[in-house]
1. By how many degrees, 0 to 90 and rounded to 10, does the Cα axis of helix A:184-205 deviate from the longest principal axis of chain A?
2. Name the most mobile residue of A:163, A:52, A:30, meaning the one with the largest mean-square fluctuation, in a Gaussian network model of chain A with Cα contacts below 10 Å.
3. For residue A:64, which sequence-distant residues (separation of 5 or more, or a different chain) have an amide H within less than 5 Å of its own amide H, given hydrogens modelled in the peptide plane?
4. For chain A, which whole-number percentage of the solvent-accessible area (1.4 Å probe, protein heavy atoms only) is attributable to carbon and sulfur atoms?
5. Run the Debye formula on the Cα coordinates of segment A:13-154, all scatterers equal and no solvent, and tell me log10 I(q)/I(0) at q = 0.22 1/Å.
6. Roughly how large is the B-A contact in terms of buried accessible area, totalled over both chains, probe 1.4 Å, nearest 100 Å²?
7. Assuming R0 = 25 Å, can you tell me the calculated FRET efficiency for the pair residue A:4 and residue A:150, based on Cβ-Cβ distance, to the nearest 0.05?
8. Could you sort out which of B:29/B:73; B:17/B:73; A:7/A:191; A:7/A:186 sit more than 24 Å apart by Cα distance in this structure?
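The values are calculated or read from the model by the stated rules, or taken from the named source; none is laboratory data. Computed from a predicted structure; not experimentally measured. Cβ: placed from backbone, ideal geometry, glycine included. Neighbour counts: every protein chain shown. Side chains included, ligands, DNA and RNA excluded: accessible areas come from the protein's heavy atoms. Shrake-Rupley method; radii C 1.70, N 1.55, O 1.52, S 1.80 Å.
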Amino acid sequence: MAELEHKVRGVDHAAFPTFDPAGTVRFYRDVLGFPVVHSICAAGWGPEDHPDFIHFFFDIGNDDRIAFFYYFGLEPQHSHGRGDVYAGFGPEVPEFFVRSRHLAIHVDDQDDLLEYRRRLDDSQWPVEMQIQHETIESIYTHDPNGYMVEFTRAMRPVTPQEDLDANLTIDALLDVVGAPEPTFGKLLARKAELIVERAAAWDEAQV
Amino acid sequence: MTALYVLDVPENTSVAKVAGEDETVTVNKIGPYFEITADGPIVVDRRATGCRHAVWYSCVAGVAGGHITQHDKNALRVEPA
């Protein structure tokens with residue numbers, strides 16, 4: 001496969017609906033200090049049944065943005081108690097799945113992570129968890145819309161061998177999910193084969 | 001022969017070190033991975049490694065010639081197939 005030039009430049013914006021614009025502005029602008037950087041006041045949008053709406057944006061650093069849609073007159077679209085205003089889940093859905101979709105915002109170091117922890121803990125949306133993962137440390141809360149928001153900092157720079165390992169994982173994963181009944185054990189067995197095939201040569205190419 | 005592969009990054013070095021303290025276990029390198037081999041089981045005591053939760057449960061890169069029979073808060077155990 002020919003190498004595809006990597007030309008993209010990060011997140012322009014990630015957009016979410018809100019039924020609580022006041023809470024959303026308090027959370028992102030007033031508690032976190034994210035500047036409002038853009039908004040659109042739109043009278044409908046094409047189809048007759050499209051409500052009037054406000055589309056508003058907050059800077060999340062690096063000129064990337066999180067954006068919200070507030071639709072005048074629109075009622076909540078589901079009545080589940082779990083999840084967020086976009087997607088609700090019944091009691092049969094496991095918690096790990098509900099929490100799997102989230103937005104993680106990067107900070108430079110632990111001082112900055114703890115600064116956002118202080119801002120959240122002084123608000124009505126305090127930090128729910130602070131966790132050291134494999135190589136990153138994160139804090140988590142839910143915004144007024146139920147969206148899970150993470151702040152994270154790297155505990156050390158990513159090493160080149162982690163990129164190799166990630167690519168071996170993905171190649172092993174594609175092999176395993178392309179065959180019947182994929183399991184974690186099958187992935188580790190396939191990845192061991194790929195390590196034996198490629199790891200020594202990769203090492204030599206690093207010099 | 002069972003082989004356990006662990007990526008050589010700072011968080012994982014204690015896993016290879018603790019595994020190698022068993023005289024039936026050999027630790028070599030293949031590229032940037034530790035290759036931990038034994039004719040019998042490979043057992044790593046989690047507390048001896050000092051690994052925190054997330055590191056411990058993601059430290060295995062590959063397993064050849066055997067399978068994991070235990071990977072919990074106490075130990076990682078790989079046994080021959």
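1. 70
2. Most flexible of the set in this elastic network: A:163.
3. none
4. Details: 7000 of 12730 Å².
Percent of accessible area from carbon and sulfur atoms in chain A: 55.
5. After summing over all Cα pairs, the log10 values are -1.46.
6. Details: alone 4460 and 13490 Å², together 16350 Å².
Buried area (both sides, nearest 100 Å²): 1600 Å².
7. On the way: r = 29 Å, r/R0 = 1.17.
Given R0 = 25 Å and the Cβ-Cβ separation, E is 0.30.
8. On the way: B:29/B:73 26 Å; B:17/B:73 18 Å; A:7/A:191 30 Å; A:7/A:186 35 Å.
Violating the 24 Å Cα-Cα cut-off are B:29/B:73; A:7/A:191; A:7/A:186.
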